[in-house]
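A short write-up of the structure that comes next.
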Amino acid sequence: MLEISNLTLRCGNQTLLQRLSLRIEPGEIVTLTGPSGSGKSTLLNWLLGDLDAAFQASGTLQLNHRTLDGLAIEARAVGILFQDDLLFAHLSVGQNLAFALPATVKGAARRQRIEQSLAEMGLAGFHDRDPATLSGGQRARVSLMRALLAEPQALLLDEPFSRLDAVLRVQFRSFVFEQIERLRIPTLLVTHDLADVPPGGRVLDISTWQPYHV
């Protein structure tokens with residue numbers, strides 16, 4: 001469970017968010033919408049532990065009853081999936097994925113874990129492929145796999161479907177939501193497109209903080 005309590009975010013004399021409290025259950029996807037410049041990215045940066053020094057924050061953040069306030073990015077177990085896949089062009093698919101594996105996975109087990117994950121996502125045999133040879137949908141799956149291999153306890157989705165064409169967007173969106181539900185990861189999705197909201201999912205408009213369901 002991811003829980004924000006009484007969060008206030010300010011930049012100088014401007015208040016972006018005031019006394020926000022939000023709880024996201026395991027496997028739940030809460031969608032955050034709102035106009036550009038309303039504070040969505042700033043909120044994600046705070047959740048990650050990467051808030052710019054120009055901003056001031058008060059409030060608490062807990063993940064599975066563990067307080068994250070003050071912890072470094074790598075200590076939070078919060079993953080993020082961006083709209084760009086951000087794969088390293090000079091590395092193979094498998095080498096890209098290896099970056100995400102915990103240090104506790106060692107030796108031959110690392111290759112085995114990656115091969116297994118590729119097979120589960122319909123990309124068996126792609127370990128040594130050049131990312132440049134992948135389709136848009138394949139690159140998106142590899143990016144998601146890299147986020148999940150890090151074993152996040154919470155996940156942030158920063159408009160990850162926006163650069164995909166209409167058909168691929170529907171397919172990949174369903175695939176992502178299936179993985180989140182299977183792994184029971186509390187997830188915050190940022191999007192401008194309400195078509196991205198899971199059926200029956202909770203939506204928060206950052207400009208009003210009025211929750212509703214679709």
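Any read-out appearing in this document is the output of simple, stated calculations on the displayed coordinates, not a laboratory observation. Since the structure is predicted, the reported quantities are computational estimates derived from the model, not experimental observations. Reconstructed Cβ throughout: ideal geometry from the backbone, glycine too, with neighbour counts over all protein chains shown.
Miscellaneous remarks
- Compactness check for the stretch 1-113: Cα Rg over 2.2 N^0.38 Å is 1.28.
- Here the Karplus curve 6.51 cos²θ - 1.76 cosθ + 1.60, taken at θ = phi - 60°, turns the phi angles of the stretch 66-74 into couplings of 10, 6, 9, 3, x, 7, 5, 3, 5 Hz, with x standing for Gly and Pro.
- FRET efficiency for the residue 19 to residue 90 pair, using the beta carbon distance and R₀ = 45 Å, is estimated at 0.45.
- Under the Karplus curve 6.51 cos²θ - 1.76 cosθ + 1.60, θ = phi - 60°, whole-Hz ³J(HN,Hα) for the stretch 46-53, x wherever Gly or Pro sits: 5, 4, 6, x, 10, 6, 4, 4
- Seen from every direction in turn and averaged, the convex hull around the alpha carbons of the chain projects onto 12.2 nm².
- At 1.567 mPa s and 4 °C, Stokes diffusion of the stretch 150-214 via Kirkwood alpha-carbon radius, µm² per second: 101
- Based on Cα contacts under 8 Å between residues 6+ apart, the stretch 1-105 shows a relative contact order of 27 percent.
- For residue 154, residues with placed amide H under 5 Å, excluding near neighbours: 79
- Restricted to Cα atoms, the stretch 93-176 shows a radius of gyration and a Dmax of 13.0, 41 angstrom.
- Size descriptor, Kirkwood hydrodynamic radius, that averages inverse alpha-carbon separations across the stretch 47-141, Å: 15.8
- Exposed-loop-free span, longest in the chain, where chymotrypsin sites (Phe, Trp or Tyr not before Pro) count as exposed if DSSP calls them loop and at most 12 other C-beta atoms lie within 10 Å: 100-214
- Separation of the stretch 50-88 from the stretch 101-131 is 26 Å, based on Cα centroids.
- Over the stretch 1-62, the alpha carbon radius of gyration divided by the compact-protein estimate 2.2 N^0.38 Å works out to 1.10.
- Approximating the spin labels as points 7 Å out from Cα along Cα→Cβ, the residue 56-to-residue 168 distance works out to 4.5 nm.
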